[in-house]
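Some notes on the structure that comes next.
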Amino acid sequence: MKSVVNFHIHTVFSDGGKTVGEVVQGLKDSEVQYFAITDHDCVDGNIEAAELAKANGLKHINGVEISCNFTGEIPELDESCNCHIVGLNFELGLMRKELERFTENKKRILGELLDRLISDGYDKIDKNAVCEDGIPERTKIAKELVKNGYVTGTNQAFVKVLNNEKYWDYVKVLPSVDDAICAINRCGGIAVWAHPFGYSRGGKRDLKYEQVERLAQKLFSGENKPSAIEVFYQQYNKEQIDFLNGLAQKYGTLKSIGTDYHHNVSYVADHPQALEQFQREKLFFDVDGVTPDESIIEAL
């Protein structure tokens with residue numbers, strides 16, 4: 001069943017392929033009424049989105065998707081594994097400051113890693129290329145290692161170099177899940193555990209059902225818990241959604257709805273493995289056999 005809610009959308013402000021204006025027009029055409037722009041670690045699209053929503057009779061709430069490091073939540077997920085926490089309905093100025101703090105910490109750690117790698121003999125690395133937009137990334141460092149012949153592929157760059165014990169002190173460059181949830185709470189928002197089956201470690205990976213269940217036990221046993229689970233996720237099938245719905249009921253959380261819309265044609269061109277996901281993308285949630293629970297609207 002089609003939903004009028006979409007609280008997980010990306011634009012050109014992060015890794016999306018559409019402008020905020022194009023997204024809002026698409027949402028209106030798709031008859032979505034409530035939405036959030038949730039760019040990665042960036043809130044710059046929210047002001048324009050709010051203005052366009054008002055002009056088009058839609059309801060916009062502030063959003064962001066924060067990239068996090070796992071910190072031993074379950075044995076299979078160490079500090080080199082990343083996940084995402086979506087923040088909704090927060091105070092924009094406060095969140096901007098929280099994200100700036102996270103970014104400065106990341107710059108410092110990766111700057112130290114670059115200096116260490118170069119001093120250890122990886123001196124063909126181009127620091128300017130890695131820091132081209134002012135923010136170094138581990139994936140950019142991996143690509144530099146490949147480009148200069150130190151490894152044969154980005155996966156090998158992570159396995160042999162970046163995740164090697166020698167450089168383990170530089171693995172945790174992102175805020176922890178707990179840090180992200182606390183930041184969202186401080187800004188008056190709602191923290192959402194985004195696409196619970198998905199994580200990344202040198203590339204996107206999927207968790208098994210039992211791993212998601214153990215992770216949920218860990219996340220909801222701590223002092224700082226997510227306020228919602230992204231139960232209704234466009235890329236999941238009915239079985240996965242039913243499983244997440246059960247987790248939300250078990251832990252008494254809100255159930256969020258999102259499609260993780262990117263529509264980035266250039267990314268798919270560079271990553272053919274992403275074509276199947278790209279083809280399933282929609283600006284509105286609509287999964288066969290699933291009736292989305294839209295009660296999260298009342299909480300916002």
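What to note about this one:
- For the pair residue 164 and residue 225, a Förster radius of 30 Å applied to the C-beta separation gives a FRET efficiency near 0.35, rounded to the nearest 0.05.
- Spread of Cα-to-Cα distances over 10 Å intervals beginning at zero, given as percent, for the range 10-63: 29, 60, 11
- Tilt relative to the chain, helix 238-251 - C-alpha long axis, 0 to 90 degrees, to 10: 90 degrees
- For residue 166, neighbours were defined as the other residues whose beta-carbon sits under 10 Å from its Cβ, and their charges (Lys and Arg +1, Asp and Glu -1) total -2.
- Counting only Cβ charges, +1 for Lys and Arg and -1 for Asp and Glu, the dipole size of the chain around its Cα centre is about 280 debye.
- The range 128-192, dipole about Cα centre (Lys/Arg Cβ +1, Asp/Glu Cβ -1), debye to the nearest 20: 180 debye
- Placing +1 on the Cβ of every Lys and Arg and -1 on the Cβ of every Asp and Glu, with nothing else charged, gives the range 28-118 a dipole about its Cα centre of roughly 300 debye.
- Relative contact order, whole percent, for the range 150-300 stands at 18, derived from Cα pairs under 8 Å and 6 or more residues apart.
- Relative to the longest principal axis of the Cα atoms of the chain, helix 92-119 runs at roughly 20 degrees.
- Note: the range 52-93, Cα convex hull, 105 Å³ per residue.
- Taken over the C-alpha atoms, the range 30-183 has Rg and Dmax values of 18.3, 58 angstrom.
- In this structure, residue 155 and residue 91 have a Cβ-Cβ separation that, at R0 = 41 Å, corresponds to a calculated FRET efficiency of about 0.55.
- Over the range 169-214, volume per residue of the alpha carbon convex hull, in Å³: 109 Å³
- The chain, relative contact order [Cα under 8 Å, separation at least 6], %: 23 percent
- Taking the range 1-123 and dividing mean pair separation by its residue count, relative contact order in percent (alpha carbons under 8 Å, at least six apart): 19 percent
- Across the range 110-208, Cα-Cα pairs farther apart than 23 Å form 37% of the total.
- Between 0 and 90 degrees, the angle of helix 138-147 with respect to the longest Cα principal axis of the chain falls at about 50 degrees.
- Value of Rg to Rh for the range 159-300 (Rh from inverse mean 1/r over Cα pairs, i.e. Kirkwood): 0.99
- FRET efficiency, residue 185 to residue 123 (Cβ-Cβ, R0 35 Å, nearest 0.05): 0.20
- Rounded to 5, the percent of DSSP beta bridges in the chain classed as antiparallel: 55 percent
- All Cα-Cα distances of the chain, cut into 10 Å bins from zero to the largest, leave 6, 27, 35, 23, 7, 1 percent in each bin in turn.
- Within straight-line reach of residue 282, meaning a Cα separation under 17 Å, sit the following lysines at least 8 residues removed in sequence or on another chain: 2, 18, 28, 238.
- Under-14-angstrom lysine pairs by C-alpha in the range 116-172, whenever the two are 8 or more apart or on separate chains: 7
- Cross-link partners for residue 97 among the lysines, with Cα-Cα distance under 19 Å and sequence neighbours closer than 8 places in the same chain left out: 106, 107.
- Look at the dipole of the chain built from charges on Cβ: of 235, 199, 148, the Cα furthest out on the positive end belongs to 148.
Here, each number is a calculation from the coordinates, and none is a lab measurement. This is a predicted model, so every value here is computed, not measured. As a convention, Cβ positions derive from the backbone with ideal geometry for all residues, glycine included, and neighbour counts pool all protein chains shown.
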